[in-house]
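Single-structure report; data block below.
The values are calculated or read from the model by the stated rules, or taken from the named source; none is laboratory data. None of the values given here were measured: they were computed from a predicted structure. In this analysis, Cβ positions are derived from the backbone assuming ideal geometry, glycine residues included, and neighbour counts consider all displayed protein chains. The area values use the complete protein model at the heavy-atom level, side chains included, leaving out ligands, DNA and RNA. Shrake-Rupley method; radii C 1.70, N 1.55, O 1.52, S 1.80 Å.
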Amino acid sequence: SEVIFTYIEALTDDSRDVSLDYKLSGAFLANLPGPSNPAQFVQGVEPIPGKDIRMPKTSCSVFMSTNIDYVLRNLNVEQLIICGQLTDQCVESACRDAADRGYLVTVAKDACAAQCTKDHLKGMKGMKGFSRQLTTDEILKELTT
């Protein structure tokens, strides 16, 4: 199995390459980490160098601003387990885009987060027809049996 970390990071220091959505979302998303100030991962949840795949993205949907579909197909991946934040934005976009491209998508519903519970539930509802929604314990049980 493969682990791919997707994260927000501009390709330029001034973030001129990021999506219009990010530019219009205010200073936080308009001035992203970039080559001189790379994105930082949460301690304990970081890629294993040389093993895990790191894929910076510059838009809400990882399928729009990266070559993730190409990489997944080269790796012969057919099923995805998606988790992350924000549930109702990046996670939902990734889920829908993956399903539309023919991947079987499972969302780890207790490993996603949003700005508030209402937004999280809205995102989970929006992914219902595009994914299976399981807890991390349920996913781990499937993977070990």
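Brief remarks follow.
- Average accessible surface area per residue within the chain, 1.4 Å rolling probe, Å²: 63
- Protection proxy ranking of 124-131, 56-63, by the mean of other Cβ atoms within 10 Å over each peptide's residues and highest first, is 56-63, 124-131.
- Mean-position separation - Cα centroids, region 100-136 and region 3-45, in angstrom: 23
- Stretch in the chain that is longest and holds no GluC sites (Glu not before Pro) that DSSP places in a loop and that have at most 14 other beta carbons within 10 Å: 3-77
- When a 1.4 Å probe is rolled over the protein heavy atoms, the share of accessible surface on the chain that falls to carbon and sulfur comes to 53 percent.
- Structure-based [θ]222 nm, the chain - -39500 (n - 2.57) summed over DSSP H runs of at least 4, per residue, nearest 500: -8000 deg cm²/dmol
- Rounded tilt (10° steps) of 117-126 against the dominant C-alpha axis of the chain: 70
- Net charge in the neighbourhood of Arg54 (other residues with Cβ under 11 Å of its Cβ; Lys, Arg +1, Asp, Glu -1) is -1.
- For Cα extents along the principal axes in Å, the value calculated from this model appears in [x] 47, 38, 31; [y] 51, 41, 33; [z] 50, 46, 22 under label [x].
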